[in-house]
Amino acid sequence: MRIDTHPDQFCVLNSTKKEVVEQSIQILKFHYQLLTNLKITPHMILHIGSSTFGKKQAIARFKKQFLKLPPTLQQSIYLENDDKIFTVNDTLNLCEELHIPFVLDYHHHCCNHDEIDLTSLLPRIVNTWKDTKLNPKMHFSSPKNKKEFRNHSEYLDIQSFLKFLQTLKPLATDIDIMLECKAKDDALFRLMRQIHFYTDYIIINDSTFLI
C-alpha cells in the first residue's frame, strides 16, 4: 500500500505572514514524525500556496522557505497543481528547479490551465520522479456537475478516465493513480468493472491493470 499525507489548507509555506510560515513548518514536522513513527517513509503533498502580490513573488517566497527547511523535510515534499492559481506549468517549472517530484492532478488541470498542451508536459512530469525509486503518482477525479465543477463527484466519468489513460499510454511507464472520489472504495470497484466491460486491458487485480 502506498501511503502519503496531504497537509490541510492551513499549511501555507509561502505565506506573507511569519506566524503562518512557522505554523506550517510545525505541521510538516508533525506529519513527518507521524509517518516515521509508523515506520512509513514520509511523503507529504503540498500546493505552492498563497498568491499574494502575484505568482512571481509567491513562487519566490516558496523557494526561499523551502530551501530553509531541513533536508529531511525537503526530501519528503511533493508538489501538486491546484484548481485556482498555480497551473501544471507553474508547478512543474518549480519542481524541476527544486528537484521536487510533481503530482499531476488532472481535475485541477481541467479547472485551472494555461494554453500549453498537457501531453507535451507529461514526459517532464514523469522525469521529476526519476530519483525516487517510486512510480509517478497522479490524481484523477470527475467534477460533481457543471455548476460545482471544482467539487469531486461520487464516481468517475469512465469515458474521461479512458481518454486520460490513452494520453498516458505513450509514456510506457507504470503510474499510480489516486482516485479522489466521494464514494471511495466503491468508486474504485465500479471503475474496475467498467474497465473490464469497455476495454481489453489486462486486469491484474481489483485495482491494477495493464493497457
Scanning region 57-93 for residues that are closer than 19 Å to K17 by Cβ and of a type in the set (K, R) gives R61, K63, K64, K68
Within region 42-56, restricting to residues that are of a type outside the set (G, A, S) and surrounded by 14 or more Cβ atoms within 10 Å (Cβ to Cβ), the one that is farthest from L92 (Cα to Cα) is P42
Picked from region 115-134 (must be under 24 Å from S76 (Cα atoms) and of a type in the set (S, T, Y)), the residue surrounded by the fewest Cβ atoms within 10 Å (Cβ to Cβ) is T132
* Has region 149-166 got any residue that is exposed (fewer than 14 other Cβ atoms within 10 Å of the Cβ), under 25 Å from V126 (Cα atoms) and among the small types (G, A, S)? -> no
Subset of region 78-91, residues surrounded by fewer than 22 Cβ atoms within 10 Å (Cβ to Cβ) and part of a helix (DSSP H, G or I), comes to N89, D90
When region 113-133 is checked residue by residue, the ones that are within 22 Å of H6 (Cα to Cα) and within 14 Å of the chain's Cα centre (by Cα) are I125, V126, T128, W129
Here the residues within region 133-163 that are in a helix (DSSP H, G or I) and hydrophobic (A, V, I, L, M, F, W, C) are I158, F161, L162
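To keep it simple, each residue is scored yes or no on (1) among the aromatic types (F, W, Y); (2) buried (at least 17 other Cβ atoms within 10 Å of the Cβ); (3) modelled with pLDDT of 95 or more.
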residue	(1), (2), (3)
E96	no, no, yes
P136	no, yes, yes
S141	no, yes, yes
K146	no, no, no
Qualifying residue in region 16-24 (condition: buried (at least 19 other Cβ atoms within 10 Å of the Cβ) and not in a helix (DSSP H, G or I)): no
Given the conditions (1) in a loop (DSSP other than H, G, I, E, B); (2) open to solvent by 10 Å² or more (accessible area, probe 1.4 Å), every one holds for L13 apart from (2)
Scanning region 98-114 residue by residue, those surrounded by 18 or more Cβ atoms within 10 Å (Cβ to Cβ) and outside any helix (DSSP H, G or I) turn out to be I100, P101, F102, V103, L104, D105, N112
Note on region 187-211: residues open to solvent by 70 Å² or more (accessible area, probe 1.4 Å) and assigned to a helix (DSSP H, G or I) are F189, R190, R193, H196, F197, Y198
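The values are calculated or read from the model by the stated rules, or taken from the named source; none is laboratory data. Bear in mind that the values here come from a model prediction, so they are computed numbers and not experimental data. Backbone-built Cβ (ideal geometry, glycine too); neighbour counts: all protein chains shown. We work out accessible area using only protein heavy atoms, side chains counted, and drop any ligands, DNA or RNA first. Shrake-Rupley method; radii C 1.70, N 1.55, O 1.52, S 1.80 Å.
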